[in-house]
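Novice: Here's a structure for you.
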Amino acid sequence: MGKLIVIEGTDGSGKSTQFELLAARLEREGRTFHRLRFPRYDQPSSALIRMYLGGDFGTDPEAVNAYAASTFYAVDRFASYVQDWRQAYEAGDLFLSDRYTTSNAVHQGGKVAAGERTAFFRWLYDLEYNRMELPRPDLVVLLDMPTELSEQLLRRREADTHTQADIHEQDRAYLTRCRETAREAAAHYGWSLVSCARDGRLRTVEEIHEELYALVRRTLET
């Protein structure tokens, strides 16, 4: 089987930036790999995700419970795996993924009461890795961003791109719970955590990249 490396984080944590920096560095090193991004908004399998994030089922993220919403995303990943990358993965190729099953743990787990999250975490991994037979990641790197800083970055992105945030990105209480849940999930699953801030200030993109790259390099060398 191949190797799967996942970059995870809450909204506004810089996942896409770090993903691209990592991909560019691996390309310079001459490594061959494939890129994955979830959700796949341009594919039919993401229809329910688009409806959910667009507010068709309610403008409050809580309008769809964690278990139901998780299935929307899981189906999109299943379609992607079966249609696009299963053969290459089984042949031993390397994959980098911007989000994965891990995003359900972070974003949907925040809807679950604290005392019930462990059960949700177990259900989620059983659904996607055992029942749906999706590959388990070899490394998950969680970019940990304080909510107040991620909000600033999200609002700046809206202004710069003239886009509207989805129902997750507009809800501060939800973003706060997601960060708490992300840290809890990292501890439960054994993810690697990279802090995006130090002493209340953002670390540089380069500092974060170097720490992330060191984790990836160790995984690739084993």
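Novice: Please compute the net charge surrounding Ala119, taking Lys and Arg as +1 and Asp and Glu as -1 over other residues with Cβ under 15 Å from its Cβ. Kindly include the intermediate steps, with their values, before the conclusion.
Specialist: Values: positive: Lys111, Arg117, Arg122; negative: Glu116, Asp126, Glu184.
Summing Lys/Arg as +1 and Asp/Glu as -1 gives 0.
Novice: Keeping every protein chain present and rolling a 1.4 Å probe, give me the accessible area per residue for region 18-119 in Å². Present the calculation step by step, with values, prior to reporting the outcome.
Specialist: Working: 4640 Å² over 102 residues.
It amounts to 46 Å² per residue over region 18-119.
Novice: Can you tell me, using C-alpha contacts under 8 Å and at least 6 residues apart, the relative contact order of the chain as a whole percent?
Specialist: Dividing the mean separation by the residue count of the chain yields 32 percent.
Novice: State the percentage of accessible surface on region 39-109 attributable to carbon and sulfur atoms; use a 1.4 Å probe and exclude ligands, DNA and RNA. Provide the component values of the computation, followed by the final result.
Specialist: Numbers: 1540 of 2960 Å².
Result for region 39-109: 52 percent of the exposed heavy-atom area is carbon or sulfur.
Novice: Need one number: % antiparallel among DSSP beta bridges in the chain, to the nearest 5.
Specialist: 10 percent
Novice: Let me ask something else. Mean residue ellipticity at 222 nm from the helices of the chain, using -39,500 (n - 2.57) per DSSP H segment of n ≥ 4 over the full residue count, to the nearest 500 deg cm²/dmol? Write down the numbers at each step before the final one.
Specialist: Numbers: 8 runs with 99 residues, N = 222.
Counting only the DSSP helices, I get -14000 deg cm²/dmol.
Novice: Computing the accessible area with a 1.4 Å probe over protein heavy atoms, can you report the carbon and sulfur percentage for region 170-222?
Specialist: Details: 1350 of 3070 Å².
The value for region 170-222 is 44 percent carbon and sulfur by accessible area.
Novice: Right, here's the next one. Applying 1/(1 + (r/R0)^6) with R0 = 45 Å to the Cβ-Cβ distance of Gln83 and Glu148, what FRET efficiency is obtained, to the nearest 0.05? Please report the intermediate quantities before stating the final value.
Specialist: Values: r = 40 Å, r/R0 = 0.89.
The calculated FRET efficiency here is 0.65.
Novice: Between Arg218 and Ala47, what length in nm is gained on full extension when 0.36 nm per residue of separation is reduced by their alpha carbon distance?
Specialist: Details: separation 171, 0.36 × 171 = 61.56 nm, distance 3.72 nm.
My answer for the length gained is 57.8 nm.
Novice: Tell me which residues come under 5 Å, amide H to amide H, from Asp144 once H is placed; ignore anything under 5 positions away on its chain.
Specialist: Val194, Ser195, Cys196
Novice: For Ala68 and Ser16, what is the calculated FRET efficiency with R₀ set at 35 Å and r taken between the beta-carbons, to the nearest 0.05? Provide the component values of the computation, followed by the final result.
Specialist: Details: r = 27 Å, r/R0 = 0.76.
Rounded to the nearest 0.05, the efficiency is 0.85.
Novice: Using a 7 Å offset from the Cα along the Cα-to-Cβ direction at both Ala114 and Arg136, what is the distance between the two label points in nm, to one decimal?
Specialist: Simple spin-label model gives 2.9 nm for this pair.
Novice: Considering only Asp56, Asp144, Asp93, give the residue with the highest GNM mean-square fluctuation for the chain, with springs between Cα atoms whenever their separation is below 10 Å.
Specialist: Looking only at Asp56, Asp144, Asp93, the biggest GNM fluctuation is shown by Asp56.
Novice: Could you work out how far the C-alpha centroid of region 181-222 sits from that of region 45-74, in angstrom?
Specialist: About 28 Å separates the Cα centre of region 181-222 from the one of region 45-74.
The values are calculated or read from the model by the stated rules, or taken from the named source; none is laboratory data. None of these values were measured; they are calculated from a predicted model. Glycine gets a Cβ as well: all are built from the backbone with ideal geometry, and neighbour counts include every protein chain shown. When the accessible area is computed, the model is the full protein with side chains, heavy atoms only, and any ligands, DNA or RNA have been set aside. Shrake-Rupley method; radii C 1.70, N 1.55, O 1.52, S 1.80 Å.
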